[in-house]
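The values are calculated or read from the model by the stated rules, or taken from the named source; none is laboratory data. Source: prediction; values computed, not measured. With ideal geometry, Cβ positions are generated from the backbone for all residues, glycine too; neighbour counts draw on all protein chains shown.
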Amino acid sequence: VTHHTVNGCNLQPGDLFGSGTQSGPKPEEAGSLLELTNGGKQPITLPNGETRTFLEDGDAMAIRGYCEKPGAARIGFGEVVGTVLPARA
């Protein structure tokens, strides 16, 4: 959080951002686009046929999260969606 605020990021109370991943040992269990693309070296193919190694302007991203365990209520924060905007000149 400190890194974001000292660089001018306008964080507000209630903002949610992905600060880490939960990955598994298999390639299909990668927890981030960076892992899925092997650091941008291996593009992935999207359902519409486009390929990506990194997010591009106009891309929308959804983050969903929950945790659960047997005998306990499942809790989560629903879905958060954001769109990558072009850099300002």
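For region 40-89, a tally of residues being surrounded by 11 or more Cβ atoms within 10 Å (Cβ to Cβ) and farther than 19 Å from residue 14 by Cα returns 11. Of all residues in region 13-45, those being under 20 Å from residue 80 (Cα atoms) and either at pLDDT 80 or above or not in a loop (DSSP other than H, G, I, E, B) (or both) number 6. Scanning region 47-69 for residues that are in a loop (DSSP other than H, G, I, E, B) and closer than 21 Å to residue 23 by Cα, we see that the one that is modelled with the lowest pLDDT is 68.
Give me the pairs, please: first residue somewhere in region 64-89 and of a type in the set (A, V, I, L, M), second residue anywhere and not in a strand (DSSP E or B), beta-carbon distance under 7 Å, and either six or more positions apart or on two chains. Pairs that qualify, where the first residue is of a type in the set (A, V, I, L, M) and the partner is not in a strand (DSSP E or B), are 80/16; 84/55; 84/56; 84/57; 84/58; 84/59; 85/57.
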